[in-house]
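Here, each number is a calculation from the coordinates, and none is a lab measurement. Quick caveat, the model's predicted, so the values are computed rather than measured. Here the Cβ positions follow ideal geometry from the backbone for every residue, glycine too, while neighbour counts run over all protein chains shown.
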Amino acid sequence: MSPARWDALGQWGDDAARIEPLAGGVANEVWSVRVHGRLAVGRLGARSDADLAWETGLLQHLGRAGLAVPMPIPTTDGRLFADGLVVMTYVEGGPPETAADWRRVADTLRRLHRLTQGWPQRPGWRGSTDLLHAAAGTKIDLAAMPPEGVARCRAAWARLVGRRTCVVHGDPNPGNIRITADRVALIDWDESHVDVPDLDLVLPHNAAGLDGAAHDIAAQASAAWQAAVCWDDDYAIRRLAEVRAV
């Protein structure tokens, strides 16, 4: 990212400043920042205004409903993002470690799913069952994958047809979860979109309590999604190997 683009941080006040870079994946620059004298997180990327409006609106909805999420901090003139930059509250906590921790995560994810039934799709994105017919959507380009791999992914997603959809977090790995004694917070909503909730529920210790058939369907669909969305790095190739041949 061009350093000049971080000049947008000035729209959060004359005293707003970057502190140090944080882990944030390849799509964005993520820094700890100081805004209004408080520690916060700034994320700078190339998302469209429509995409950022969807994400920040979702986070506001979830926060108002009592879910622990990073809350967008407005600019001095009230906007929730500016020039590709979003500033959010800093969320304390550590990753889940025990089976009991992961059960709390599962409960939190299910609450997310209940709160977002009927939510509109993220602009430009496709859900897993949309990709039974579409070839591309945001980060996914099935034309870049081997045809045999596409057939395996679509066979996995076909098992989800007819399910109710909602917002899924999309990447509930330990690094995106912040647990304290009294709450579970979900951070990094870059992969969130509308899809079948089971994609969020393939968790360590089978913490969501999916039965054998449901877990198999969810695990296959989730592996197919991760393979497609990350294609073609080593992680994606490993995930595709988990998807059964047709």
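Return the single residue from ASP233, ASP182, ASP141 with maximal mean-square fluctuation; model: Gaussian network over the chain, springs between Cα atoms under 10 Å. Most flexible of the set in this elastic network: ASP182. What the phi angles of segment 150-158 give under the Karplus curve with 6.51, -1.76 and 1.60, with θ = phi - 60°, is a coupling list of 4, 4, 5, 4, 5, 5, 5, 5, 4 Hz, glycine and proline written as x.
Each residue of segment 78-91 was assigned a 3J(HN,Hα) from its phi angle through the Karplus curve 6.51 cos²θ - 1.76 cosθ + 1.60 (θ = phi - 60°); the sequence is x, 7, 8, 7, 7, 6, x, 9, 10, 10, 10, 4, 7, 10 Hz, with glycine and proline shown as x. Full extension of the segment from ARG38 to ASP107, taken as 0.36 nm per residue of separation minus the current Cα-Cα distance, would add 21.8 nm.
In a fully extended conformation the segment linking ALA213 and GLN117 would gain 32.2 nm over its present Cα-Cα distance, using 0.36 nm per residue. In sequence order, segment 166-173 has phi-based couplings of 6, 6, 10, 5, x, 7, x, 7 Hz under the Karplus curve 6.51 cos²θ - 1.76 cosθ + 1.60, θ = phi - 60°, and Gly or Pro positions carry x. GNM remark for the chain: springs join alpha carbons under 10 Å apart, and the peak mean-square fluctuation among ASP232, ASP171, ASP211 falls on ASP211.
The label point for ALA134 and the one for ASP233, both projected 7 Å from the Cα toward the Cβ, are 2.3 nm apart.
Result for the chain in a Gaussian network model with C-alpha springs under 10 Å: among SER192, SER32, SER48, the largest mean-square fluctuation is at SER48.
Charges were assigned to the Cβ only: +1 to each Lys and Arg, -1 to each Asp and Glu. The resulting dipole of the chain about its Cα centre is roughly 660 debye.
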